[in-house]
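Structure first, then comments.
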Number of protein chains: 2
Amino acid sequence: MTLPTRPNTEVTTAAHDRVYRALRTRIMHGEVAPGEALTLRGIGRDFGVSMTPAREAVRRLVAEGALFLSSSGRVSTPELSNERIEELAALRALIEVELASRALPRAHMALIDRLQTINSNVAEMVAKRDAVGYIRTNLEFHRTLYLRAQAPAMLAMAETVWLQLGPTMRALYGRLRRTEPPQDHRLIIAALKAGDEPSLRLAVRSDVTKGLRLLAG
Amino acid sequence: MTLPTRPNTEVTTAAHDRVYRALRTRIMHGEVAPGEALTLRGIGRDFGVSMTPAREAVRRLVAEGALFLSSSGRVSTPELSNERIEELAALRALIEVELASRALPRAHMALIDRLQTINSNVAEMVAKRDAVGYIRTNLEFHRTLYLRAQAPAMLAMAETVWLQLGPTMRALYGRLRRTEPPQDHRLIIAALKAGDEPSLRLAVRSDVTKGLRLLAG
DNA sequence: TGGCTCTGCATGTGATCACAAATCGCCAGT
DNA sequence: ACTGGCGATTTGTGATCACATGCAGAGCCA
C-alpha cells in the first residue's frame, strides 16, 4: 500500500484479512448487538483502510452468515428468529457431538487439565456476570476440546454456527440470571476422564442446547 | 455501471451476484476440475465486468470453502485430501439425515411424485454416463426433499458442503463405472411413502456416504 | 547439456473516483 | 400538531489506476 501505517518489522497480514478477523471475533464474542448497522466507510475509518478491504471483509462475513445484507446493500448484524435459533442450536448439537466423540479417543490428561483450567475461567466470568467474557471462554472450552478431533472441516462448520449465533448469544446470556458455573462442562470433563462416549455425547448435547430454554420467555 | 451490456428490460441483479451464482453452480455441479486455477481478470473478462465484482464473488466462494486461496493470493478450486472428503461426507450424513427426518412429516404425495420424476432423470443421467448431469439431478433430488424440512439454515449448511465437494464429486463419479440407477433413492422414496423414519435415516445416510467407498482405489 | 539468475509479464491488493439509489431531515401545507 | 413531499447527504457499486509480488521463460555460465 502507499501509506504503510505500521513499520514492516513484523509479518504484515493483508488489510482485508485483518479487518475480517477483527470483525469476526467481535461478532462471535457477542460484542455487537443484534440489528446493529455497519457502513463500509465507517469500517474503513475504524481500521484506517479504504472501502475496498472493508467491502471484502464484509462480503466474507455475509457469506458466513455473520452479517445480514439488506436488499439495498446495507449490512447489519442479523436479528435471528426463534425458528432460526432452534435450527442453529440443532446444528450445534449435531456437529459438536460428533466432534466431541471424535476427540474422545485422543483426549489425554494434559488436554483435560487445560479444559479444567478454562472451565474455571468460565465460572469466573459467570460469577462476574461478564457476558462477553463468558461467551469467549465458553467457546474456548469447546474449541480446545474439538481441536483434538483433528477434523478441521467440521470445526470450521461449528465455528460458522457460533458466528451466526454470536449477536443473539449476547442477548440470550445477558438475559440469563444465573451465577452457578456450567454444570454440563463438568459432565463433559468427567465423561472424558472415564472414556464414556455415550455420557459425553449426552453432556455436549445438553450443554449446547441449554441456552435455548429461555426462548419462551 | 457505466456500460450496461444488457438492456434493462428485466430485473438487473448485481454484477457480483451474477458472477457468484454462475461460478457457484459451475463448481457445485462439478464442471470445474480440482486444482483448476482462476484469475480475477480472467473471470472479469468471461463475465464482461471489471475485477471488482470478480473479486467479491471469489472472496465469497473462498469463504464458503468452494475455492482455495493460496498464500500468494492465487485462487484455485481445492484438491481435497481423503481425510477432508471423509469429514465432509460425515457432515453430509449428519445434516442431511436430520433434514430428511424433519421433512418426513410434511412429505405429501405431490412431493413424492416429484421426487420420483427427478429420480428417473437421475437414472437417465447415469445411463448416459453424464457426470455433470448426474450430480445436478442428484442434488436436485436431495434439495427437493430437504426444502420440505422448512429449515433454511440447515439447508444452507448442506449446500455449503455440496459446494466444497463439487470438484471432487466430478472426479469421484467419473471414476464410478456403474450403470444401475441409484438404489438408495428408491429406499428413500419407499420410506417416505411408509412414513418410516428409521428406514429413511438409514437410506439417506447410505446414499450420502456411498460415494466414499472408492477412495481406497 | 544442465542448472542458475535475471528480467519481463501476469496477477492480487488497495485507493480513489463517478454514479445511482436509498435514506434522513427539513419545511410547507393542512 | 401532524403528515407528505422534496432535496441534501450518506452509502453501496463498479471501474480504473498505481504498486508490489510472484511466476516463468529466456539467456548465461560452468
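Worth a mention:
Let's see how each residue does on (1) out of contact with any Leu (no Cβ under 9 Å at 6 or more places or on another chain); (2) more than 16 Å from DNA strand D (Cβ to nearest atom); (3) within 27 Å of A:Glu159 (Cβ to Cβ); (4) more than 13 Å from chain A (Cβ to nearest Cβ):
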site	(1), (2), (3), (4)
B:Asp17	yes, no, yes, no
B:Thr39	yes, no, no, yes
B:Val58	no, no, yes, no
B:Val97	no, yes, yes, no
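- Here A:Ala149 meets the list (1) free of Cβ contacts under 8 Å to residues at least 12 places away in the same chain; (2) within 14 Å of chain B (Cβ to nearest Cβ) almost entirely, failing just condition (1).
- Considering (1) surrounded by 21 or more Cβ atoms within 10 Å (Cβ to Cβ); (2) at pLDDT below 95, the lone condition that A:Met125 does not fulfil carries the number (1).
- Criterion: buried (at least 18 other Cβ atoms within 10 Å of the Cβ) and not in a helix (DSSP H, G or I) - qualifying residue of B:Ala203, B:Ala153, B:Ala149: B:Ala149
- Some residue of the stretch A:131-139 being assigned by TED's automatic domain parsing to the domain that holds A:Leu187 and in a loop (DSSP other than H, G, I, E, B): no
- Within the set B:Ala110, B:Ala66, B:Ala93, the sole residue that is of a type outside the set (Ser, Thr, Tyr), at pLDDT 95 or above, crowded, with 20+ Cβ neighbours inside 10 Å and closer than 30 Å to B:Lys193 by Cβ turns out to be B:Ala93.
- Those residues of the stretch B:25-57 which are polar (S, T, N, Q) and over 22 Å from the mean Cα position of the chain (by Cα), in sequence order: B:Thr39, B:Ser50, B:Thr52
- Listed by first and then second residue, the pairs linking a residue in the stretch B:159-171 that is over 8 Å from B:Ala66 (Cα atoms) and at the interface with another protein chain (Cβ under 10 Å from one of its Cβ atoms) to a residue that is among the acidic types (Asp, Glu) and in a helix (DSSP H, G or I), with Cβ atoms under 9 Å apart and 6 or more places separating them unless they lie on different chains, are B:Val161/B:Glu96.
- Only one of B:Ala107, B:Ala103, B:Ala22, B:Ala63 that is more than 9 Å from every other protein chain (Cβ to nearest Cβ), within 18 Å of the chain's Cα centre (by Cα) and away from DNA strand D (no atom under 12 Å from the Cβ): B:Ala22
- Matching option when the condition is over 28 Å from A:Ala90 (Cα atoms) and without any contact (Cβ under 8 Å) to a residue 60 or more places away in the chain, among B:Glu140, B:Glu180: B:Glu180
- Residue ranges of helices (runs of 4 or more DSSP H) in the stretch B:1-117 with at least 3 members more than 13 Å from DNA strand C (Cβ to nearest atom): B:15-28, B:82-103
- Matching entry among A:Glu56, A:Glu86 (being assigned by TED's automatic domain parsing to the domain that holds A:Gly174, among the acidic types (Asp, Glu) and surrounded by 14 or more Cβ atoms within 10 Å (Cβ to Cβ)): A:Glu86
The values are calculated or read from the model by the stated rules, or taken from the named source; none is laboratory data. In this text, all values refer to a predicted model and were calculated from it rather than measured experimentally. Because the Cβ atoms are built from the backbone with ideal geometry, glycine has one as well, and the counts that use them run over all protein chains shown.
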